[in-house]
Structure formats: structure tokens, C-alpha cells
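First up is the structure itself, then whatever we jot down about it.
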Amino acid sequence: MKKIAERVKVVKVEEVAKGFGKTIRIGELEIALFRLNNDHFHAIENRCPHRGGVLVEGIVSGQHVFCPMHDWKIDITTGKVQEPDRGCVRTFEVEVIGEDVYILFL
Amino acid sequence: MNKKRLVLIGNGMAGVKTVEEILKISKERFEIAIIGEEPYPNYNRILLSKVLQGDTTVEDITLNDWSWYAQNDIQLFTSEKAIHIETVEKNVITNNGTTIPYDELIIATGSKPFILPIPGNDKEGVTTFRDIRDTVEMVNASKKYHRAAVIGGGLLGLEAARGLLNLGMDVTVVHLGNNLMDRQLDATAASLLKADLEGQGMRFLLEKNTTAITGGKRVERLKFSDGEEIDCDLVVMAAGIKPNIELAQQAGLTTNRGIIVNDYLQTSIPHIYAVGECAEHNGIAYGLVAPLFEQSKVLAQAICELDVTPYQGSIVSTQLKVSGVEVFSAGEFIEGGEKKALRIFDEQDALYKKLVFNGKKIVGAVLFGDSREGTRLFSMIKKQADISDTVKVSLLQPIGGEAEESVVATMDAEEIICGCNGVSKGSIVQAIHEQGCISVDGIKACTSASRSCGGCKSMISELLEITLGESFKPEFQKETLCGCTSLSRDEVIEEIRNKKLMHTREVMNVLGWTTLEGCSKCRPSLNYYLGMIHPVEYEDENESRFVNERLHANIQKDGSFGVVPRMYGGVTNSDQLRKIADVADKYKAKLLKVTGGQRIDIFGIEKEDLPKVWEELDMPSGYAYGKTLRTVKTCVGETFCRFGTQDSMSLGIALEKRLERIGSPHKFKMAVSACPRNCAESGIKDFGVVGVEGGFEMYVGGNGGTHLRSADLLGKVKTAEEVIEYASAYFQYYRETGIYLERTSKWVERMGLENIKVVMEDPKQRQELNERLNIAATVLEDPWKKIIGSEKLKNELFEKVTVEQ
Ligand SMILES: Cc1cc2nc3c(=O)[nH]c(=O)nc-3n(C[C@H](O)[C@H](O)[C@H](O)COP(=O)(O)OP(=O)(O)OC[C@H]3O[C@@H](n4cnc5c(N)ncnc54)[C@H](O)[C@@H]3O)c2cc1C
Ligand code: SF4
Ligand code: FES
């Protein structure tokens, strides 16, 4: 059985400032949607694998975000925690169509 | 090819390290299962001492988190104990009845604390110090009970005792011998150590043999062989460890003190290996991590059938992890017979160094008071380096003198440089070549070396020098601003001034940052330095600020925020209190708390509500989150107090209005008391004022926080206007010369109080500093007002999006 991807419209492009994240709540799920300085959008789960820090409030540098709690460095595009720490966060596909930003659930 | 099944018993430091080494060699070779009795993933046992001492938390000492096991397809059985090994059928049976088949089996069950076989040793309140559970038990006990006795004056006992002191307990260390740490120290060092620890508040009972623990259900008293007794309600047994070999014995492996292994860590039964504290090699069962790392490497290679240099035993060194005490010991540290000692003993400064030689070879060392040379000496000892007479003398010189030949150069790639994290010379060299590390900080970020105790920094720096050769730049080794650059803070500031750099990205570009957009260390500091240098032109970069400063509120554990409006000088009125009460009700504040800085913190406000709360309060931001002036605490002073000599409240309010909102390297706290009774605690503030008959005394560099420091007298002036002038000049001087995140308590020590006084006492410099501060003050507006007035900011920073499903 093939599962159809679900596409959820979350915000307008202009509602997220470059180099910042925005908290998106979908049901139980809290997602951190980032707009990088290169204007790409990426979404990851809004919980640091270390001790649950809210990643959306971290400092964004390039494609990484630094957790505001204990400074773990996480790649926003892959969800991978950077050396020397280890772990990963869930990532979500993001699509930008016109002025709208969508998150995809596969 | 079918993978072989590798099973590890013991999810601890040695076992998991071995698995890591195996995975480094090949991820395909084995299907791996790990059985661990503790309910946690592998953690750094060494750091339990630091957990107990409050320097870190249980959550922060994990070495391999759950996801590591998953990512490497390791089957993990936690809270499960291996109770039986079927050596013929090749199965491990657990207490849950699980049968786990193996092709190769590694036993890494560590040690068990030695429990004195005396009556009462099973009472409530008697614990050991080995794992997370013990640590938590001690922390909990400290909340209810007050008198602790630690049995055993060795490394572990003393670290436990220090931890219990930090937890507010009364601590007595009971020791059988007459020298503390007798396995590592000679009598001189031991007595210095004792004096030092007594100074920290520890009590000692030496040459005391504990014979019984008495009390009701819980321990109440310790009894000794000489008839003496002491009262206590917590007993920590730290009288030694013994290898945990129960399982191995029962399986029929040859054991002595530990499980006997050969140079390839093989036990007496084929396909079974032992590693770590449970193993005995050449008559020695080690109790430290460095040997385990060496063993793990050999075992991994052996088990993967690679050519391997047999394990030859380890020489060990120890360092006591008690802050404020530096003790180091390595190798054969007691002289006698062929072994001759060279020592210096500075009784005045309590510095002691002893080196032990066998002929020209250095075989052991003890350092007290300054252990920075420890790692270097240790490496010489491991090499049994030949020492010429000139070098011999220079070894005893204080740090800074050049050592003749580099020890690091002669080390093998496998040799461990960072003992705490098991990082070898080879991995560091690799990081230099492949990841472009050029500084100690860079190495730390890439490999974790020097991350725990930092004792290996000097060796890493040397290794950088050797490896980089020509391209080694000594200036890279200084403290750089962060891992993204080879420039120090001072150099960056100079470049910003000279090249008139105006933007963080411009700084990174022009000064050749190795990252495109910096990191969480350089971004906030550059943002500060740029603002300090170009107060008018620079546009503050919100995206380079930490969350609290970006959202102008204090983020709490649960993700809600605390809001603290300004109350100048700690003075308020009924109108403000009414507004605070209304806001607290309307936005369902979870707590109202009077802060240490004499104002009110409204806790439990949701992020989305912050702008509304500010608007309704209609008070200025108290900057309780900021690296800037926090509060000016005042006493009630002459207005009401019968002792008051000055109007402390008015002066406090004037100071607060003068300095508020202007950014500084770190937070800045002030106080004004109107007489030497000092009700506003001016003696522990960054800048404190004490009114005296006919004038004011000004105190600087005080700190009432983590690094308690009483303030130094900066000087005395006659009028309140002069106080404001001095305080402003002082604040501006700190702004200009402070390192980002350096409190004034550290800054004063770095700069030297006398040097600061010279600047402050020069009327011309004071005036110039005041003028520069005036400029910085002109451009600042209240951040809450600014956000309230901007729909864009409100939307971008504070709104969350909730999507209906
Ligand atoms: C507080 C403290 C401070 C220390 N400080 C230092 C220091 O500064 N420097 C230093 O070098 N060393 C220090 N050590 C020693 C160091 O922690 C040990 O040498 C090291 O952890 C030993 O590793 P190991 O793997 O052999 O044993 P462990 O790390 O103890 O691992 C053994 C594991 O096996 C589990 N286990 C045992 N039996 C079974 C079974 N039958 N089934 C399943 N699981 C089982 C245990 O629960 C345990 O988790 C310190 C130790 C402590 C407790
Ligand atoms: S510091 Fe002196 S003047 Fe101020 S309240 Fe205390 S006793 Fe009164
Ligand atoms: S919670 Fe993210 S680094 Fe600790």
C-alpha cells in the first residue's frame, strides 16, 4: 500500500525572517521551521536530542543551529548533531510554492 | 557472508570503548549485542565526582547516547544482568531469562566497591561511590541529613568528601593509614594536601580503624577500634575496589584478583576476552581509565584479527579532581634503593615537586600546588626518558622555561594524550591534517581532547607546533576569539577599528573566518564589540544574540518566560504594584518573586504574550536577561534610617538611569548603601558604593555569584556627582577593555587594580571615558517599547503558528 504524502501549509515566506526560526505546532508535534540566510527553508523537530532544548530559539549560523540550552550544534538540513556530540533530530521536507511554505509528511 | 555475533557484558567505559574501536576498524564484521546492568547508556564514570561536586549534571556525562546504539545497529539490553555463561554452547543467560548466543564474548564488568565486613554495613544511609545511583543517593541524603563520614582517604574518598561539602554537609574523612592518598603520594605531599583540604572545611581522622556502624534502621554512629565514636547520618565507603569477577569465576575462567588475560586480552577459554577493571594482566588489575583505553585498542585489533602490538601493561598517573587543589602523581613515586629523588619544596607557597630517577631515567613524579607539568612529565616517565643534568634542573623550573626536547614528538600515534577522553596522538594529528585544526580550541571541538580536565592542553599545543611545522603560527595558539578564527580578541578589535569593519559578516569575511557565518561563540561577541566600537553607526544584530537578549525576557526550564520590569533603585509605588498584579492575573503568571536585585519577577508568561504584558505594564525593561547594567540595589538610607549618612536611594536611582541599557561584556550589578553597615551589600558588586561621613567609598570587582569575591576599594570621593562620574568612567573602561563574557571580578584581576586606578584617577581620561559613554547612551531606546511599536518584530519574533489538523 502506498502512503500519500500529506502537505500542510504553515506560513507565508515573509512571516519568517532570514536567519531565524519559527515555531510550528501541528497537533502534538512541535516543529522548528528555519529560513536560512541563503533563503532556503528547512524544518526539524523542535527538541534538542540532548535535553530537549527548544531549537527554534537557537543562534543560526550557516546551515547550523546552536541549541540555546547547552550549545550543541545541529545541522538544520540533515538533523545531524555535529562532533564531538552525537545524535540526530527528525527532519521534515519543506516546499515553497509561491509565497507559501509547506511542510510535507511522508 | 554471515556476520559473527559479538556480545559484550558490561555497558561501561572499557567495554563500549572496545566496541567503538571495533566499529572504527569495520562496521560490517560483527552483529553486536551489549548487556548492561545499569539503566543508562554508557556514561563517563570519572565525571561522577564532578556531578557530586555540582559542576555538571548526570544528563551531561553521557558518552554514547541511545541513538548511538541504534545508529550502529547494536542490540542493547539495559537493566539486565548477565548471570551465566555457557562456554560450550556459547550463550550468555541474563537474569530476565534471555539467552544471547555469541561467537566472541567480551567481559567488561568493571569493579565493585569494597565494603568493609563490619556490623551495620547494610544500614540505610550507608552507600558506596561507583555509579549514578550512588551519586543520586548522596545528593538526596544531603537534602535531609547533615553529617557525613567518608571511609577511605584515597582519590575516590576525597572527591566524594569534596562533593558532600559542596552539598552543604559536614564531612569527616576516616582513613586507616596516616597519609592521605597513600597509593599516590609521599608523606610531604600528603600532609600538604591534608592542610589544604582542612582549609576547605574537611575534617580528618587518620589511623582510625572502623569496627562498626550503629544506629536504628538508619546509620547514626561510627565506632573505631580505639573505642572512639563519631555521629553521622550518611556513610560513604570508599575504601577500595575489587574486580568484578563473579560471573567469570562461575563460568570457569582462570581468575586471581581479576580475570587473567594475556597480552591480547584473551582469557583462559577461547573466544572469551576480558577488558577494563575486571581484567588482570601481568599481575595487575588497573583502576583507572587510561590503561583501559590502551587495552581496548589492542583487544579491538586482536578480535578483528589484525596484526597487533601486544599489550604490555600501563604506567599510570593520577590527578585529584577537587577544585582549588592541584595534585599529580605518576609512576614509581617513592624513592629508595637505586631510585633517587630530586625535589623542591616551597613551604611558603605550599609548592612541592618531586621527580624520581633510576640512573638517568625518570621513573616517577609527585607534584603538589602546581600540576601543569604533569602531562609532560608523565609522558617522559612512560618513555623512561633519559634526562641530562641540565634538563633535570629545568624540569624543576616553574612553567615557562623551555624544555630541551619535545616529548610529544617521540610518542607513538597510538599513545593517549587526553586521558579523560581517550584521544590518541594519532587522532589529533589526523584532525590537524584532515579537519584543518590550527589551535587547541579547534582540536577540542573536533576530537573532545582537553574537554574534561584540560590537563593535556600544553601537549596538544606542542603537537600542533610539531605537526604544522612551517605553517605553525604561535599567535594561533593564544586564546582565539573562537574556533572559527586564529585571531585573538585584541587582534579582532584592532582590525575592526583599523579597517572600519561594520558588520559581523564583514568581520568574518575580511579576517578570514574558517566558517561562513561563525558560531554561537563569535557571533554574540562580535555583535558586542562592533556595537562598543561604533555605538552610533552599528545596527545591533538580533540574530546574533542569545535567546534571552533577543526576546528580552528570561527563558525558563519549561519554555515559558520571566518578565522583570525596572524599579529604579529598588523603589516602587502602589501604581506599579497594581499593574504588576493585574498583568500577573490576566496572563496567568505562575509565580511572582521578589528578586535578589530588589524587584519583581513575573514568571510563567508564554512567549506570544510577552509584547502584550509589556504594553500593559507600561514600565521599562529591567534587562534581567542582559549583558548590561542589571540593578542598583539601595538601602533606605538617610531618608528613613537612623544610621544613614547619605541619600542612597536617590544616588542609586541616578546611577541606574545613567547606565541602563548600555551593553557591556557581561552583566553588571551595583549597590549603594548609606553607611558601612552595608545593607545593600555593596562589597560584592561589580561597582558598590558605601556612604561614609562626608563622602562615599567606591568598591569594584566584587561578585556574589559562582566566584565569590569581595570588592576592592577603588577610592573615596566627596559628592554624589563624583560617584556618578567615576562609576560611568569605570563602566566605560570595562566596556572597552573587557573580554566578552568576562565579569568585572575576573577583569579586575586580569587588568590589575592598580592599573585601573591610574586610569580612574586621571581627570582627563575620566572625562573622555564619560564622553564616549554619553555617545553610546544617546542611541538606545527601550527594547520593550520598540517591539510593542512594531508589528513586524512582534510577528517575526513572538508568534507561533498552530496548524489545525
Ligand atoms: C567517582 C569515580 C571517579 C573516578 N575518577 C577517575 C579519574 O579521575 N581518573 C581515572 O582514570 N579513573 C577514574 N575512575 C575510575 C574509572 O571510572 C574506571 O576505571 C572505569 O570506569 C572502569 O571501566 P570499566 O569498563 O572497566 O568498568 P565500569 O565503567 O564500571 O563498567 C562496568 C559496567 O558493567 C556492568 N556490569 C557489571 N556486571 C555485570 C553483569 N553481570 N551483567 C551486566 N552488566 C554488568 C556495571 O553495571 C557497569 O556499568 C573513577 C571512578 C569513580 C567511581
Ligand atoms: S546601610 Fe546604613 S544607612 Fe543604609 S539602611 Fe543599612 S544601616 Fe541604614
Ligand atoms: S538540550 Fe540542547 S544542548 Fe542540551
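The values are calculated or read from the model by the stated rules, or taken from the named source; none is laboratory data. Values in this document were obtained by computation on a predicted structure and should not be read as measured data. All Cβ positions, even for glycine, are placed from backbone atoms using ideal geometry, and neighbour counts span all protein chains on display. Ligands, DNA and RNA are stripped out before the accessible areas are found, and what is left, the full protein with its side chains, is counted by its heavy atoms. Shrake-Rupley method; radii C 1.70, N 1.55, O 1.52, S 1.80 Å.
When you scan region A:48-58, do you find a residue that is more than 16 Å from ligand 2 (Cβ to nearest atom) and more than 26 Å from B:ALA70 (Cβ to Cβ), even just one? Steps first, answer last, please.
Residues of region A:48-58 that are more than 16 Å from ligand 2 (Cβ to nearest atom), as a first pass: A:48-58.
Keeping just the survivors that are more than 26 Å from B:ALA70 (Cβ to Cβ) gives A:57.
Scanning region A:48-58, I find at least one residue that is more than 16 Å from ligand 2 (Cβ to nearest atom) and more than 26 Å from B:ALA70 (Cβ to Cβ), so the answer is yes.
Among the residues of region B:295-318, are any more than 24 Å from the chain's Cα centre (by Cα), within 9 Å of ligand 1 (Cβ to nearest atom) and in a loop (DSSP other than H, G, I, E, B)? No.
What residue, among those in region A:86-100 that are at the interface with chain B (Cβ under 9 Å from one of its Cβ atoms) and open to solvent by 30 Å² or more (accessible area, probe 1.4 Å), is nearest to ligand 2 (Cβ to nearest atom)? In this case the residue turns out to be A:ARG86. Selection within region A:42-51: residues that are within 9 Å of chain B (Cβ to nearest Cβ) and open to solvent by less than 50 Å² (accessible area, probe 1.4 Å). The member of this set that is nearest to B:THR56 (Cα to Cα) is A:HIS50.
Looking at A:ARG35, A:ARG51, A:ARG86, just one residue is free of Cβ contacts under 8 Å to residues at least 60 places away in the same chain, charged (D, E, K, R), over 23 Å from B:ASP558 (Cβ atoms) and touching a helix residue (DSSP H, G or I) at 6+ places or on another chain (Cβ under 6 Å), and that residue is A:ARG86. Looking across region B:323-382 at every residue that is among the β-branched types (Val, Ile, Thr) and part of a helix (DSSP H, G or I), the one that is least open to solvent (accessible area, probe 1.4 Å) is identified as B:ILE381. Within region B:555-580, residues that are more than 19 Å from B:ASP782 (Cβ to Cβ) sit with their Cβ atoms under 7 Å from residues that are among the small types (Gly, Ala, Ser), at 6+ positions apart or across chains, in these pairs: B:GLN556/B:GLY562; B:SER560/B:GLY604. Please go through region A:55-79 and give me each residue that is over 21 Å from B:THR57 (Cα atoms), within 16 Å of ligand 3 (Cβ to nearest atom), facing another protein chain (nearest Cβ under 10 Å) and of a type outside the set (Gly, Ala, Ser), ordered by number. Answer for region A:55-79, where residues must be over 21 Å from B:THR57 (Cα atoms), within 16 Å of ligand 3 (Cβ to nearest atom), facing another protein chain (nearest Cβ under 10 Å) and of a type outside the set (Gly, Ala, Ser): A:VAL56, A:GLU57, A:ILE59, A:VAL60, A:HIS64, A:VAL65. Consider region B:593-615 and keep the residues that are open to solvent by 50 Å² or more (accessible area, probe 1.4 Å) and in a loop (DSSP other than H, G, I, E, B). The one that is modelled with the highest pLDDT is B:GLN598.
Yes/no matrix, rows are residues, columns are (1) closer than 21 Å to B:GLU656 by Cα; (2) more than 16 Å from ligand 2 (Cβ to nearest atom); (3) at pLDDT 95 or above:
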position	(1), (2), (3)
B:GLY694	no, no, no
B:TYR730	yes, yes, yes
B:TYR740	no, yes, no
B:LEU753	no, yes, no
B:ASN770	yes, yes, yes
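Scanning region B:541-577 for residues that are more than 27 Å from A:ASN37 (Cα to Cα) and within 14 Å of another protein chain (Cβ to nearest Cβ) gives B:GLN556, B:LYS557, B:ASP558, B:SER560, B:PHE561.
So for region A:15-24 (the condition being open to solvent by 20 Å² or more (accessible area, probe 1.4 Å), closer than 23 Å to B:TRP66 by Cβ and away from ligand 3 (no atom under 16 Å from the Cβ)), does at least one residue qualify? Among the residues of region A:15-24, not one is open to solvent by 20 Å² or more (accessible area, probe 1.4 Å), closer than 23 Å to B:TRP66 by Cβ and away from ligand 3 (no atom under 16 Å from the Cβ), which makes the answer no.
If you take the residues in region B:296-321 that are open to solvent by less than 40 Å² (accessible area, probe 1.4 Å) and within 17 Å of B:ASN44 (Cα to Cα), which one is farthest from ligand 3 (Cβ to nearest atom)? Residue satisfying both the conditions and the ranking: B:THR318. Residues in region B:716-741 that are open to solvent by 20 Å² or more (accessible area, probe 1.4 Å) and either touching a residue at least 40 places away in the same chain (Cβ under 8 Å) or under 17 Å from B:GLN765 (Cβ atoms) (or both): B:ALA720, B:GLU722, B:ILE724, B:GLU725, B:TYR726, B:TYR733, B:GLU736, B:THR737, B:ILE739, B:TYR740, B:LEU741. Only one of the listed residues (B:GLY442, B:GLY469) is outside any loop (DSSP other than H, G, I, E, B), among the small types (Gly, Ala, Ser), out of contact with any Lys or Arg (no Cβ under 8 Å at 6 or more places or on another chain) and closer than 23 Å to A:ARG86 by Cα. That residue is B:GLY442. Region B:1-92 holds helices (runs of 4 or more DSSP H) entirely within its bounds, and those carrying 2 or more residues that are more than 14 Å from chain A (Cβ to nearest Cβ), within 8 Å of ligand 1 (Cβ to nearest atom) and under 27 Å from the mean Cα position of the chain (by Cα) map to B:13-25, B:48-52.
Considering (1) touching a residue at least 24 places away in the same chain (Cβ under 8 Å); (2) away from every other protein chain (no Cβ under 14 Å); (3) surrounded by 15 or more Cβ atoms within 10 Å (Cβ to Cβ), the lone condition that B:ALA584 does not fulfil carries the number (1). Criterion applied to B:ILE303, B:ILE334 was being over 18 Å from B:LEU156 (Cβ atoms) and modelled with pLDDT under 90, and the one residue passing it is B:ILE334. Scanning region B:347-359 for residues that are modelled with pLDDT of 85 or more and farther than 20 Å from B:MET181 by Cα yields B:PHE357, B:ASN358, B:GLY359.
Of all residues in region B:515-540, those being within 14 Å of chain A (Cβ to nearest Cβ) and in a helix (DSSP H, G or I) number 7. Of everything in region B:775-805 that's within 14 Å of another protein chain (Cβ to nearest Cβ), open to solvent by 60 Å² or more (accessible area, probe 1.4 Å) and not in a helix (DSSP H, G or I), which residue is nearest to A:VAL101 (Cα to Cα)? Checking each candidate, the answer is B:THR802. Scanning region B:671-695 for residues that are open to solvent by 10 Å² or more (accessible area, probe 1.4 Å) and either of a type outside the set (S, T, N, Q) or within 16 Å of ligand 3 (Cβ to nearest atom) (or both) gives B:CYS675, B:PRO676, B:ARG677, B:CYS679, B:GLU681, B:GLY683, B:ILE684, B:LYS685, B:VAL692, B:GLU693, B:GLY694.
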